[in-house]
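See structure below.
The values are calculated or read from the model by the stated rules, or taken from the named source; none is laboratory data. All values derive from a computational prediction rather than experimental measurement. Every residue, glycine among them, receives a Cβ derived from its backbone with ideal geometry; neighbour counts consider all protein chains shown. Side chains included, ligands, DNA and RNA excluded: accessible areas come from the protein's heavy atoms. Shrake-Rupley method; radii C 1.70, N 1.55, O 1.52, S 1.80 Å.
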Amino acid sequence: MAIVTWVGGTTSYETIWTTAANWDTGAVPVSDDDVVIDNVTHDPTIPDGTDPTVGSIKINSGGVLTAGDNEITLDGVNSNGFAWYQDGDGSFVKGTSTIKFTDTSNQYININTSHANRTFYNWIIDKGGSGDVYIYQSRDGSTNEPMVISNNLTITTRGLNTANDSSSPTAYADLTVGGDTLINGGTLTCNTSA
């Protein structure tokens, strides 16, 4: 896996995800790549219908990722085990996007501050192997700020776990689903009331 960092700023294509020169490697990230979105002048926008597949996404403090109308497949984890990581005031502009988790190992979602945007549109858990998706930490332990899926959550294989995975007894998360929750062959494990 390669770490591919957004730099942006290519003339006339400053914010376009699919412009190779907007990435530090000179190539648009693919399924084996760990994407990093830093705080830069020109934040990335994924053009509608691009439907990228990457290994993982990390949005650093001040970074912004605009998703549009896409299915964004996360088919791996970064070196710390995270499929999705937001830090500081890193922001995700959900649009009508779907985040799809497919890796065979455990995939963790970490929103590591009370200032981050915690809202997604759709999630699909469709994993092979023996791994589940864990919302590792979605609040700072004192402020009730749930992670929100504003539309639908679909679990077709394996599971989603909002409780801790026993590696950290304080790594609990609240989850609010605004639309339908469909569980067809998987599991949803929820935390206890905090």
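Share of carbon and sulfur in the accessible area of the chain stands at 45%, probe radius 1.4 Å. Using a probe of 1.4 angstrom and keeping all protein chains present, the accessible surface of region 1-138 works out to 38 square angstrom per residue. Legend: calculated FRET efficiency, residue 71 to residue 12, from the Cβ-Cβ distance at R0 = 22 Å, rounded to 0.05, equals 0.25. The convex hull of the Cα atoms of region 1-114, projected and averaged over all directions, covers 6.3 nm². Equivalent ellipsoid of the chain: semi-axes from √(5λ) of the C-alpha gyration tensor, largest first, are 27, 18, 15 Å. On full extension, the segment bounded by residue 156 and residue 27 gains 43.2 nm, given 0.36 nm per residue less the C-alpha separation. Do you know the relative contact order of the chain, to the nearest whole percent, from alpha carbon pairs under 8 angstrom that are 6+ apart? Relative contact order for the chain comes out at 13 percent. Averaging Cα coordinates gives a centre for region 46-107 and one for region 25-42; these two points are 11 Å apart.
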